[in-house]
Each structure stands twice: as structure tokens, then as C-alpha cells.
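Colleague: Below you will find the structure I want to go over with you.
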Amino acid sequence: MIQTVIELVKLEVGITTDSQDERLELLTEGVIKELEEDRGIKLNLEERQDHLLFVVDYVAFRYEKPLEGMPRHLIWRMRELYLRSGGRDV
């Protein structure tokens, strides 16, 4: 499923080569770990498109603007995932 996220992120940010795949893989693994272990959000990337698309958008944000604060739409979507999955404090 990580490879699917990477391919979708590449489409989102306009990457046409494999040169950034290693970085995107690390970002994807980090985002998934953060959401599941730190935030307590139970992800189901294979069956829930909203989970998959959120991870794609979050990884794309981390790739493009790693030092900026998280945009409101991502904060809102993270809180929705949190509330629906019974996660810990967002």
C-alpha cells in the first residue's frame, strides 16, 4: 500500500521520475506511524479511500512544505479521522 501512496503523491506534486521515491517512502512510513502510534488513529488504507487520500495529502504536504504549519483542511480531516477511530488527543 505504501507504493500506492507514493505513486499518488507523485501525481499530486508533479513528480515524473523515480528520483524521490526513497524520500517519499520514508515520509509515507513516518506519516503512517505518526497517525497510528502517536495520534492513535486506526488506518485502513486498503478499504477506506478517505484514509488513503488523507495519507496522500499529508505526505504531499510534508514533501512540499515541511517547515510550515499544517493547513486547516488537513487539521480538520485529521480530527475527523481521530473522532471516527477513537484515537488519542490530536
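The values are calculated or read from the model by the stated rules, or taken from the named source; none is laboratory data. Here the structure is a predicted model, which is why all the values come from computation and not from measurement. As a convention, Cβ positions derive from the backbone with ideal geometry for all residues, glycine included, and neighbour counts pool all protein chains shown. Surface areas here come from the heavy atoms of the whole protein model, side chains and all, with no ligands, DNA or RNA. Shrake-Rupley method; radii C 1.70, N 1.55, O 1.52, S 1.80 Å.
Colleague: Please work out which one of (1) in a helix (DSSP H, G or I); (2) modelled with pLDDT under 95; (3) in contact with a Leu (Cβ under 8 Å, 6 or more places away or on another chain) is the condition Ile6 fails and give its number.
Modeller: Condition (2) is where Ile6 drops out.
Colleague: Tell me, please, whether a residue that is modelled with pLDDT under 90, in a loop (DSSP other than H, G, I, E, B) and either open to solvent by 80 Å² or more (accessible area, probe 1.4 Å) or in contact with a strand residue (DSSP E or B) (Cβ under 7 Å, 6 or more places away or on another chain) (or both) can be found in the stretch 24-43.
Modeller: Within the stretch 24-43, one or more residues are modelled with pLDDT under 90, in a loop (DSSP other than H, G, I, E, B) and either open to solvent by 80 Å² or more (accessible area, probe 1.4 Å) or in contact with a strand residue (DSSP E or B) (Cβ under 7 Å, 6 or more places away or on another chain) (or both).
Colleague: Within the stretch 81-90, take every residue that is open to solvent by less than 50 Å² (accessible area, probe 1.4 Å) and assigned to a helix (DSSP H, G or I) and give me the one that is modelled with the highest pLDDT.
Modeller: Leu81
Colleague: In addition: Count, please, the residues in the stretch 1-37 that happen to be acidic (Asp, Glu), touching a residue at least 12 places away in the same chain (Cβ under 8 Å) and more than 19 Å from His73 (Cα to Cα).
Modeller: The number of residues fulfilling the criteria is 3.
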